[in-house]
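What follows is a single structure, written as structure tokens, with notes after it.
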Amino acid sequence: MSKEIQSTLGTLLESFFRRHLLAQRQASPSTIAAYRDALRLLLVFAAQRAGKSASQLFIEELDRDVVLAFLDHLEKERHNSARTRNVRLAAIHSFFQHVAYCDPAAMGFANRVLSIQGKRTTKRLVSYLPQKDLDAILAAPDRSTKQGRRDHALLLFLGRTGARVSEAIGVNVKDIQLQWPSQVLLRGKGYKERIIPLAKDSAKVFKALIDERGLTTGLQVPVFVNARGKRLTRHGVNHILQKAVKKATLVAPVPISRTVFPHMLRHSVGMQLLQSGVDLTTIQAWLGHESVNTTHQYIEADLEIKRRALEKCNTPETSSAPYKPTDEVLAFLESL
């Protein structure tokens, strides 16, 4: 009996990834990786809790109590944020929805896991770089070396196009049109494609990078590669950025005092477009946002727009009198 249950757990996991995520949803590699990591962490935790290997687990051992304990483990032991906890929980929910679909008898068991709610999180304002900080970072790589020229081209690409890291490292030579008007084809979330224009100076840098590698247009090869000639990874992009930030901080008149991450360059492009008077719909199309509500976050973060709005308001000065309770009951409530 236990052998049959073990195979059921393995079968459910295999069908979830191969049939549901890959075949039906055609999920992106990043989505597959995120779901894989969440479920792997859950299985390792549950196996250690049960004192057995992950392959010996029964599906029934991944119940609501275990999942709740796992979520607490993420926050207390692994020091994950509530946002990361919610991302892991979303992957677990997706798997148990698949479990309920595949095995109606497990509906009640799965629903108890699905009833676990995510934690409320603080909606943070987007972080972006002032133009002087962005310029200092773009100028940091040593362009007298081949590696420095690649680093400069990569950072320029991120800081001018607003591409996500996954979109930047996924760009192939055939995706860039270097003849004027220059443009690049980006493949975003959900396999959505969009075309972004390139400034003449940016196109010149990318052309020099491609020519230096002896490549011709139309090739299905990555533009940004590592020292081994392989496509850059997220880790590689972050390493290049942090190295540039460190150098920029040492030479800049005013050191960069904040933590800089690759997505901040994307936010910086969004803020530059907004502050230049570009409308939200165009910014939405430029950055590949699913909804204009996502693009609206740049207005929420731009204090200068709010200051200009305040200056347009003709608000008369008023003197405020302190509130005085009118009776003992209100005075008591006021004292709490």
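Taking only DSSP H segments of four or more residues, each worth -39500 (n - 2.57), what value at 222 nm results for the chain once the sum is divided by all its residues, to the nearest 500 deg cm²/dmol? It lands at -17000 deg cm²/dmol. Full extension of the chain between Leu22 and Leu330 gives 104.6 nm of extra length, using 0.36 nm per residue less the Cα-Cα distance. Relative to its Kirkwood radius, the Cα radius of gyration of segment 2-114 gives an Rg/Rh of 0.94. Taking a straight line from the alpha carbon of Lys132, these lysines sit under 24 Å away, with near neighbours fewer than eight places off in the same chain left out: Lys200, Lys204, Lys243, Lys246, Lys247, Lys306. A simple rule links phi to the HN-Hα coupling: the Karplus curve 6.51 cos²θ - 1.76 cosθ + 1.60 with θ = phi - 60°, which for segment 92-107 gives 5, 4, 4, 5, 6, 5, 5, 4, 5, 5, 6, 9, x, 5, 8, 4 Hz, with x for Gly and Pro. Computed extension length for Arg231-Gln297: 20.6 nm, one decimal, from 0.36 nm per residue of separation with the Cα-Cα distance subtracted. Short-range pairs are left out: with C-alpha atoms under 8 Å and at least six residues apart, the relative contact order of segment 2-114 is 31 percent. A DSSP coil position with no more than 11 other Cβ atoms inside 10 Å describes the following trypsin sites (Lys or Arg not before Pro) in segment 160-243: Lys192, Arg228, Lys230. Place a point 7 Å from the Cα of Ala309 along the Cα-to-Cβ direction; which residues of segment 105-141 have their backbone N under 16 Å from it? What the label zone holds, given the 16 Å backbone N cut-off, is 125-126. With both labels modelled 7 Å from their Cα along Cα-to-Cβ, the Thr282 to Lys192 distance reads 1.9 nm. Fully extending the segment from Lys204 to Ala82, taken as 0.36 nm per residue of separation minus the present Cα-Cα distance, adds 39.6 nm.
The Cα-based radius of gyration of the chain, divided by its Kirkwood radius, gives an Rg/Rh of 1.08.
Along its first, second and third principal axes, ordered by size, segment 131-270 spans 42, 33, 28 Å in Cα coordinates. Loop-located GluC sites (Glu not before Pro) in segment 1-106 (DSSP state not H, G, I, E or B) with no more than 12 neighbouring Cβ atoms inside 10 Å: Glu77.
For segment 63-143, applying the loop criterion from DSSP together with a ceiling of 16 other beta carbons within 10 Å to the trypsin sites (Lys or Arg not before Pro) yields Arg78, Lys119, Arg120, Lys123, Arg124, Arg143.
Any read-out appearing in this document is the output of simple, stated calculations on the displayed coordinates, not a laboratory observation. Just so you know, these numbers come straight off a predicted model, no measurement behind them. Positions of Cβ are generated from backbone atoms using ideal geometry, with glycine treated the same way; all protein chains shown enter the neighbour counts.
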